[in-house]
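Here the structure is laid out as structure tokens; the discussion comes afterwards.
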Amino acid sequence: MKKRWDLAALASIPLIMTLANSMLIPVLPLLQKKLHISAVQSSLIITVYAAISIVFIPIAGYLSDRYGRKIIIIIGLSIAALGGLIAGLAAWLMDSHVYAVILAGRFIQGIGAAGAFPIVIPLVGDMFDKEEEVSSGLGMIETSNTFGKVLSPVLGAALALIVWFLPLAIIPILSIIAIVAVLFLVKVPNKKRSEAVGLKTFWKSIKAVFGENGHWLYAIFAIGCIGMLIMFGFLYNLSSVIEESYHIEGIIKGLLLAIPLSAICLASFITGKYVGENKNKMKWLIVIGTALLAIMMLLCGLINKQGLFFLVLFMFASGAGIGLFLPSLDALITEGIEKKQRGTITSLYSSARFIGVAAGPLLASLLLGNKEIMFYLFTGLALLCTGLALFAIKPDKEQTSS
């Protein structure tokens, strides 16, 4: 594939932004003890990062359409580095109000994240003319995203063994690495001044896009949101179960959490290579992936007290289901929208995904004492996604051939 170094630099962004969030999941019980906070308060360390991103992602998308993707990504990464620095220094140096300042740092970090990973998706779409190359590139980006999730529990647990707050403090360093990579390796054509439009005209065009494509866009938004909610919910639950019920901590805990995440990574990579430009394939991979996720969540609810082996096994299969539909969603939404609105539409889609990221750990923390109910709820939500994929996503006949 052309522009391999550009893609490698862009792939570092979802990897690092994923580490910035998912790396904290295995150490939330430790943060809870060190900061003397409740399970719900510890889940807010994840939730506040994602929640503020929901608000700023569409703004970043609009700015990237108007002023260019690369500059918005660099600004976003810089803000994320600043927020990570505040959170890390608070945990290291402060004696009082540490939790509040960490939340403030995570708040700022979430604003920066809004201008980073969500802008990568439309930028990949801009870089290639052939839909097959776009699908392959997005598969690489989604694989990098999920590889970050695979690496994050192991790395987070390992760093916490050195110093408990190190998973927070290392984020600025990782952000700077991504900034340097984007500055020197990513080359995109300069946007012509005549392409920039006023805000009023721009919103009219976005309204027109939803008027024409809303039947499948809303379905993709909902599936992306629910998929991330289930994923982050069951990861939070698995992290708690491993430590509280089986007393497994440190690197071993991180490796167990990495098992379902590795399935997402592998399935995302294969899906990106397989779908090409065939939108009918994308639809059916979404159907199969969401149906598999529903079945596995049901089995998790039924065997919740039967042992860790079955729980991890079924979550591994759940990860495979998620890995089937995430790259397909990315490709459908990127290839189905014109370049001039692509940044905003994909950013709105990223906002929907971040709603799931924010809600998942919070919901799981509230249902820690009712795990069966949580898994049955996830089953119903995954079945809803299957229905949406079946009946709302209908590629045109001319779009289905590769």
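Since every read-out is calculated from the coordinates, none of them should be taken as a lab result. Owing to the predicted nature of the structure, the values given are computational and were not obtained by experimental measurement. When we count neighbours, we look across all protein chains shown, and the Cβ atoms used for this are built from the backbone with ideal geometry, even at glycine.
Annotations
- Surface/4 estimate of mean projected area, convex hull on alpha-carbon atoms of the range 214-267, nm²: 4.2
- Karplus-derived 3J(HN,Hα), 6.51/-1.76/1.60, for each residue of the range 296-301, Hz, glycine and proline x: 5, 5, 5, 5, 4, x
- Cα-based equivalent ellipsoid of the chain: semi-axis lengths in Å, sorted from largest, via gyration tensor: 32, 26, 18
- Phi angles of the range 313-320 translate, via the Karplus equation with coefficients 6.51, -1.76, 1.60 and θ = phi - 60°, into HN-Hα couplings of 4, 5, 6, 4, 5, 4, x, 4 Hz per residue; Gly and Pro are given as x.
- Residue 145 sits among other residues whose Cβ lies under 14 Å from its own Cβ, and their net charge, with Lys and Arg +1 and Asp and Glu -1, is 0.
- A P(r) calculated from all alpha carbon pairs of the range 273-402, with 5 Å bins opening at zero, reads 2, 10, 16, 20, 20, 13, 9, 6, 3, 1, 0 percent.
- Whole-Hz ³J(HN,Hα) from phi, Karplus 6.51 cos²θ - 1.76 cosθ + 1.60, for the range 206-218, glycine and proline x: 5, 4, 5, 4, 5, x, 7, 10, x, 4, 9, 5, 4
- Residue range of the chain that is longest and free of trypsin sites (Lys or Arg not before Pro) which are both DSSP loop and sparsely packed (at most 15 other C-beta within 10 Å): 3-129
- The range 1-46 and the range 263-342 have Cα centres separated by 21 Å.
- Here the range 1-124 is treated as a sphere whose radius is the Kirkwood value from Cα pairs; by Stokes-Einstein at 37 °C and 0.692 mPa s it diffuses with a coefficient of 217 µm²/s.
- Alpha-carbon Debye profile of the range 196-300, log10 I(q)/I(0) at 0.11, 0.18, 0.20, 0.21 Å⁻¹: -0.55, -1.01, -1.13, -1.18
- Centre-to-centre separation between the Cα atoms of the range 72-100 and those of the range 120-163: 23 Å.
- Sorted fewest first by neighbouring Cβ atoms within 10 angstrom, 71, 230 come out as 71, 230.
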